Amino acid sequence: MKVLVVGTGARENAICESLKDDCELYSYMSNKNPGIAKIAKFKQGDEGDIQSVAKYAVDNKIDIAVIGPEAPLGKGIVDELEKNGIKCVGPNIEAAKIETDKSFMRNLFEKYDIEGSLIYKVFDNFKDIENFLDNFDRDAVIKPVGLTGGKGVKIVGEHLKDNQEAKKYAKEVMDNKMGGFPQVIIEERLIGEEFTIQAFSDGKNLAPMPAAQDHPYAFEGGKGPITGGMGSYSNKDGLLPFLKEEDYDEAVKIMEKTVHAVAKEASPYKGILYGQFMLTSNGPRLIEYNARFGDPEAMNVLPLMKTPMIEVCKSIVDGNLQNVEFEPLSSVCKYIVPDGYPETKYANEEIVIDEEKIESIGAKVFYAAVNQKEDGKIYTSSSRALGIVGIADSIDKSESIAEKACEYVKGNLYHRKDIGTEELIQQRIDHMKEIRK
């Protein structure tokens, strides 16, 4: 079977690794990802040029295409591929609105009375924003309606001093059409612990994966700007140290109801649904959905799959998805980034990776936004460079493996040493205990 993976980052590298032994693997990527290039036939090109991707798929007689990033989904890459007879793991343009149009997602919760929503409003004029924030008696979260790669969200009390600053930022979002829309969403700020559940969906059935916790802040201790994600961890029981089984089950139920609602409102949702939740004193509340694997969370769960990924992909496109099994192991992912990221001055610099040493201690390396030149040397971009993953029978051991593996990457680089550490996880446990009181 011929499988095409669209996308160029560490998430796509992890997807390719999970497929490589069971199919003839192809890749369409914007940069030459060294991890993908050595295991797949590939073409370099703009992933957003959906006609070119479809032509490449047709020319190579691809059976199934797996779509990694959100931007091509928002442009209708699945519709274009399916029009050409290629089955896809990824939602079509209508179903992908669950991520690409946050107002669609929130309205869905209202219309179908799905639990776990929060107070929110969508605005398209500044006067209404001023009136709303003047009378809003809690901290607000300001979000662009469209896609901003996880970097457009600002929170009062963290990035914004007060609702006056929130007004200025909301105006900036609208004036610049940040995310592609002259609109803004204002939501209540939730207090709790964030967690992620990713699930496979065939449009009717949902197969959830182990929960993970992402660390979006750039610097240790949860400080600095929000990034695309600095690392994440998962636990061998599929839960998290602060997450109870009933919380997990409740979040999955919310996702199942969402899939049924999307089928009624748009079209069957086929692919990966990523639910980002906040665990509050009243249980899980949905922050947002993504229409694809998380990055970094894909790197936590894909290496743990017992059910072959190719079988899961077939069952998604055929509409007969069943439970997917995972090894009972923990994982910790640490992202290595150019020093100073996200405002780095160390882009386009050579880095040296000792893959053999990394693999010899039981860690995995997934290549992200790097460029491999013709001489084989690898250079950073201004974005995240490598995902390093440790896997063991506890979070603590996984963290030690990942941290040791980071020593075998040289350059002007930085990573959050605290991700997956006992100290940081205990803080999360204590925080949740306090909230549950």
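The values are calculated or read from the model by the stated rules, or taken from the named source; none is laboratory data. Every value quoted in this text rests on a predicted model; they were computed, and no experiment measured them. All Cβ positions, even for glycine, are placed from backbone atoms using ideal geometry, and neighbour counts span all protein chains on display. We work out accessible area using only protein heavy atoms, side chains counted, and drop any ligands, DNA or RNA first. Shrake-Rupley method; radii C 1.70, N 1.55, O 1.52, S 1.80 Å.
Please state which of the following conditions S234 fails to meet, knowing it meets all the rest: (1) within 25 Å of G387 (Cα to Cα); (2) open to solvent by 10 Å² or more (accessible area, probe 1.4 Å).
S234 satisfies every listed condition except (2).
With the structure loaded, tell me whether G146 is open to solvent by less than 30 Å² (accessible area, probe 1.4 Å), under 24 Å from the mean Cα position of the chain (by Cα) and modelled with pLDDT under 90 or whether it fails that test.
Yes, satisfied.
Only residues in segment 361-381 that are assigned by the TED database to the domain that holds K410 count as the first member; pair them with residues that are open to solvent by less than 40 Å² (accessible area, probe 1.4 Å) and among the aromatic types (F, W, Y), Cβ under 9 angstrom, at least 6 apart or cross-chain, and list the lot.
Once the first residue is assigned by the TED database to the domain that holds K410 and sits in segment 361-381, its partners that are open to solvent by less than 40 Å² (accessible area, probe 1.4 Å) and among the aromatic types (F, W, Y) give A368/Y335; I378/Y367.
Since G294 meets every condition but one in (1) crowded, with 20+ Cβ neighbours inside 10 Å; (2) in a loop (DSSP other than H, G, I, E, B); (3) touching a Leu at 6+ places or on another chain (Cβ under 8 Å); (4) not hydroxyl-bearing (S, T, Y), which condition does it not meet?
(3)
Among the numbered conditions (1) assigned to a strand (DSSP E or B); (2) open to solvent by 10 Å² or more (accessible area, probe 1.4 Å); (3) of a type outside the set (K, R), tell me where L286 comes up short.
(2)
So which residues in segment 382-422 are more than 19 Å from V370 (Cβ to Cβ), of a type in the set (V, I, T) and assigned to a strand (DSSP E or B), if there are any at all?
The one that is more than 19 Å from V370 (Cβ to Cβ), of a type in the set (V, I, T) and assigned to a strand (DSSP E or B): I391.
Which count do you get for residues in segment 311-345 that are modelled with pLDDT under 95 and in contact with a Leu (Cβ under 8 Å, 6 or more places away or on another chain)?
Residues that pass the stated criteria total 0.
For segment 116-141, how many residues meet the condition of being over 26 Å from G192 (Cα atoms) and open to solvent by 70 Å² or more (accessible area, probe 1.4 Å)?
Final tally of qualifying residues: 4.
In segment 356-381, what count of residues is obtained for those that are open to solvent by less than 70 Å² (accessible area, probe 1.4 Å) and part of a strand (DSSP E or B)?
10
Taking only pairs six or more apart or across chains, which ones have beta-carbon atoms under 6 Å, a first residue in segment 328-340 that is open to solvent by 10 Å² or more (accessible area, probe 1.4 Å), and a second residue that is among the β-branched types (V, I, T)?
From residues that are open to solvent by 10 Å² or more (accessible area, probe 1.4 Å), the pairs are L329/I391.
Yes/no matrix, rows are residues, columns are (1) surrounded by fewer than 24 Cβ atoms within 10 Å (Cβ to Cβ); (2) part of a loop (DSSP other than H, G, I, E, B):
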residue	(1), (2)
E246	yes, no
T258	no, no
A263	yes, no
S267	yes, yes
M278	yes, no
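Quick one: M105 ticks every box in (1) at pLDDT below 95; (2) in contact with a helix residue (DSSP H, G or I) (Cβ under 9 Å, 6 or more places away or on another chain); (3) open to solvent by 10 Å² or more (accessible area, probe 1.4 Å); (4) of a type outside the set (S, T, N, Q) bar one, so which box is it?
Condition (3) is where M105 drops out.
Tally time: how many residues in segment 222-244 are assigned to a loop (DSSP other than H, G, I, E, B) and aromatic (F, W, Y)?
1
Of everything in segment 204-231 that's among the small types (G, A, S) and more than 14 Å from P296 (Cα to Cα), which residue is most open to solvent (accessible area, probe 1.4 Å)?
Residue satisfying both the conditions and the ranking: G221.
Can you tell me which condition T8 does not meet? The list is (1) in a loop (DSSP other than H, G, I, E, B); (2) free of Cβ contacts under 8 Å to residues at least 60 places away in the same chain; (3) at negative phi, and all the others hold.
All conditions pass for T8, except number (2).
Working only within segment 400-417, note down all residues that are open to solvent by 20 Å² or more (accessible area, probe 1.4 Å) and touching a Gly at 6+ places or on another chain (Cβ under 9 Å).
Residues satisfying the conditions are S400, I401, E403, K404, N412, Y414, H415.
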